[in-house]
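Q: Next up is a structure, given as structure tokens.
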Amino acid sequence: MSDLGNPRVIQQLMKEHHISARKKYGQNFLIDANILRQIVEAAEITKEDLVLEIGPGLGALTEQLLKAAGKVIAVEVDQVLIPVLQENLKDYSNLVLLNEDILKVDLDALLQKEGDGRKAKVVANLPYYITTPIVAELLEKQSSLESITVMVQKEVAQRMQEGPGSKAYGALSLLVQYYAKAELMMTVSSSCFIPKPDVDSAVIRLRIYEPKERPVQTTHEKEMFELIRAAFNQRRKTLLNAVGNAANLSYSKEQVREALSKMGKEETIRGEALTLREFTELTELLI
Ligand code: SAM
């Protein structure tokens, strides 16, 4: 069968199977063979690898992954696409195809079952409407992952790499920076997709750190990320008010004031001015 990654084949498939791209599932199908090849190269996939693909769509990226990897687990929420994927990819015996919502899958159990002790590499052209929850979920389950190479909106790729002082800096930036080394691999024009998305895209690679490689060390990750979320949920407020008034946290304003003072920070400071290291320090002082 000819490769799926070209506009003619994708359009033909959609026509044959009466498929129109569903906005509610963030469907923008890749139609550029070069981009597909570059994504697989960026993810450094070898025959030893277990790959987890989120949202295989019509199978264009999946096919390239199946050729390069040992095994590919592809998780697709849209039931309509499953028979099309089964038909398109029937020649590959190294595919595990699941009709599930990635946010409801027990990832640890799945990767343990299929992984034979290997860590997985995630590769995906992500649905943009749920990029942040997916990346957050993957990072929280990072112990069974080696890397995450994903197509996202260009602006989200930038947000992952920002530091204090930038408008785009937020909880996602800190989550990424704590767990992974982020590298922007390429930007991708909207003309590489059917239908064309409204925004430019980018491929970002997150190489997951071993725990000892992380830029800061803490045994209170859970508390630190609760604090970070509270700080950025109300980012226009001072850290003192955002954290001191957060319903899900039990720190009093007095405790926050004292901790900030020990760190040499003004009590008018906002969360967006603190680095990852400073959030770690603040957490350790508060708990
Ligand atoms: N991989 C294909 C490609 O590159 O042409 C399709 C990418 S498209 C941007 C995103 C895919 O994710 C769609 O196939 C969509 O149905 C699927 N998807 C959306 N939400 C999902 C979810 N919660 N779990 C699994 N797949 C999902």
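The values are calculated or read from the model by the stated rules, or taken from the named source; none is laboratory data. In this text the structure is predicted, and so the values were computed from the model without any measurement. Ideal geometry is used to build each Cβ from the backbone, glycine not excepted, and the neighbour counts take in all protein chains shown. Just the protein is used for accessible areas: all its heavy atoms, side chains included, with ligands, DNA and RNA removed. Shrake-Rupley method; radii C 1.70, N 1.55, O 1.52, S 1.80 Å.
Q: Taking the Cα centre of the chain as origin, sum charge times position over the Cβ atoms of Lys and Arg (+1) and Asp and Glu (-1), and report the length of that vector in debye to the nearest 20.
A: Roughly 600 debye for the chain.
Q: Below 10 angstrom from the Cβ of Tyr129, what's the summed charge of the other residues (Lys, Arg +1; Asp, Glu -1)? Mind dumping the intermediate values first?
A: Working: positive: Lys23, Lys24; negative: none.
Cβ neighbours under 10 Å give a net charge of +2.
Q: Here's a follow-up. Normalising by the residue count of the chain, find the relative contact order in percent from Cα pairs under 8 Å and 6+ residues apart.
A: 15
Q: Heavy-atom accessible area per residue, the chain, 1.4 Å probe: how many Å²?
A: Value returned for the chain: 47 Å² of accessible area per residue.
Q: A follow-up question, please. Between rounded, prolate and oblate, where does the stretch 1-160 land on the alpha carbon gyration tensor, with a ≥ b ≥ c its root eigenvalues, rounded for a/c under 1.5, else prolate if a/b exceeds b/c?
A: Cα axes put the stretch 1-160 in the rounded bin.
Q: Just list whichever of Lys212/Lys262; Lys24/Lys90; Lys113/Lys212; Lys23/Lys47; Lys121/Lys167 have alpha carbons separated by over 32 Å in the model shown.
A: Pairs exceeding the cut-off: Lys23/Lys47.
Q: Moving on. How big is the gap, in Å, between the Cα center of the stretch 163-220 and the Cα center of the stretch 1-60?
A: 22
Q: Here is a further query. For the chain, which whole-number percentage of the solvent-accessible area (1.4 Å probe, protein heavy atoms only) is attributable to carbon and sulfur atoms?
A: Percent of accessible area from carbon and sulfur atoms in the chain: 47.
Q: Hey, another quick one. Could you work out the percent of alpha carbon pairs in the chain separated by over 26 Å, rounded to a whole number? List each step's numbers first, then the result.
A: On the way: 19416 of 41041 pairs.
Distances greater than 26 Å cover 47 percent of the Cα pairs.
Q: Report, in whole Å, the centroid distance computed from the Cα atoms of the stretch 228-271 and the stretch 65-119.
A: First find each Cα centre; the distance between them is then 43 Å.
Q: Another one. Under 11 Å from the Cβ of Thr218, count the other residues' Cβ atoms, weight Lys and Arg +1, Asp and Glu -1, and hand me the total.
A: That works out to -1.
Q: Measuring from label point to label point, each 7 Å out along Cα→Cβ, what is the Leu98 to Glu146 span in nm?
A: 2.0
Q: Rounded if a/c is under 1.5, else prolate if a/b is larger than b/c, else oblate: which is the stretch 164-266, with a ≥ b ≥ c the root eigenvalues of its Cα gyration tensor?
A: prolate
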